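First the structure, in the form of structure tokens, and then the observations on it.
Laboratory data are not the source of any read-out in this text; all were calculated from the coordinates shown. All values derive from a computational prediction rather than experimental measurement. Every residue, glycine as well, gets a Cβ built from its backbone with ideal geometry; the counts of neighbours run over all protein chains shown.
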Amino acid sequence: MKISRREFLKWSAAAAVALKLNFDMDKLNTVMAAESDPPVIWLQGASCTGCSISVLNVTNPTTIDNVLQNKVSMKFHPNIDTYSGQSAMQAIDNAASQYNGQFILVLEGAVHTGSNQNYCIIGQLDGVDVTMYDAVMKYGPMAKYVVAAGTCASFGGVAKAGVNSSTCSDVKSLLNGKTRSSVVNLPGCPAHPTVLVQTLLDLILTGLPAIDSYNRPTKYFSTRIHRSCPRKETYEARQPGVYGCYEEIGCMGRSCASNLCPSSTWNNNRGWCIGVNHPCIGCASPQFPTSPLLSARGD
Ligand code: FSX
Ligand code: SF4
């Protein structure tokens, strides 16, 4: 049987995964994704890595193996790359230089600004510490598109909550006026996997999507959850865990915009917060985390 080089590489990657072999995803993607497409560099700052976990679990529009093998040329991702230390930082720097003005920079997590930005050092390049702030300010202006993945990167989120003693900032405030196009905010704690992957594909295939005043794609953030919630007009629940509408106990569905939560839901369409009998905590809101539920618990 005759197979193409592309098929051979796909089978090799699948076999390597099955056998738990260590293979260089960067080199593989360099070959398999279209070289003319904008590659992706993904960096993590003040986050819990939840947005990366979310994207690794994507099922719609396709699964992560197909994304990484055929759709997106991922030049660097902290959790799936085999690089570490100097070679990781060098890989990021090389990719940014090689694809200057062409790559998509995905930033996950908020960015520490105080104490010389030293609360978040992401690595060393030639013996010099590189902070997340340094990386954002260096690579942000070089990128064709900048995507803020998750509420922390979009609005500060959990990382910036309360008195913000670690001086976290959202991405857009730091890069204001310094990027080649508007920062695209994809809030959600974590960001929805379909929103993340489809937005990357939209950027690659058609360019910047329509965005609202919070820089969110209107395609995913035009509707508040309450508007399409199936619990409207149902029994008013007095506590989580029982079926009903949670308005009386602080549901944030009236103020939180997220088209996919009530429709596509989460976990391969298995469920969503209200669907499993918990009020919406507004995790995609610019004000998150300020849910009355969280305050009531003293968080
Ligand atoms: Fe924040 Fe995300 Fe919440 Fe965690 O990118 S949006 S804490 S799920 O990982 O940064
Ligand atoms: Fe609205 Fe929340 Fe009640 Fe759903 S559970 S109808 S989002 S208040």
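Mind checking which pairs have a first residue in region 89-102 that is free of Cβ contacts under 8 Å to residues at least 60 places away in the same chain and a second that is surrounded by 14 or more Cβ atoms within 10 Å (Cβ to Cβ) and assigned to a loop (DSSP other than H, G, I, E, B), Cβ under 6 Å, 6 or more apart or different chains?
Filtered contacts from region 89-102: Ala96/Met142; Asn100/Met142.
Can you name the residue in region 197-237 that is hydroxyl-bearing (Ser, Thr, Tyr) and away from ligand 2 (no atom under 15 Å from the Cβ) and is also surrounded by the fewest Cβ atoms within 10 Å (Cβ to Cβ) among such residues?
It comes out as Ser213.
Does Ala148 satisfy the condition of being among the aliphatic types (A, V, I, L, M), in contact with a Lys or Arg (Cβ under 8 Å, 6 or more places away or on another chain), within 12 Å of ligand 1 (Cβ to nearest atom) and outside any helix (DSSP H, G or I)?
Answer is yes for this residue.
Quick test of your reading of the structure: Gly188 fulfils all but one of (1) assigned to a helix (DSSP H, G or I); (2) within 12 Å of ligand 1 (Cβ to nearest atom). Name the failing condition by number.
Every listed condition holds for Gly188 apart from (1).
Any residue that is more than 20 Å from the chain's Cα centre (by Cα) and closer than 28 Å to Val184 by Cβ - is there at least one of those in region 197-211?
no
Looking at (1) in contact with a Pro (Cβ under 6 Å, 6 or more places away or on another chain); (2) away from ligand 1 (no atom under 16 Å from the Cβ); (3) touching a residue at least 40 places away in the same chain (Cβ under 8 Å), can you tell me which one Tyr246 breaks?
With (1) in contact with a Pro (Cβ under 6 Å, 6 or more places away or on another chain); (2) away from ligand 1 (no atom under 16 Å from the Cβ); (3) touching a residue at least 40 places away in the same chain (Cβ under 8 Å) applied to Tyr246, the lone miss is (3).
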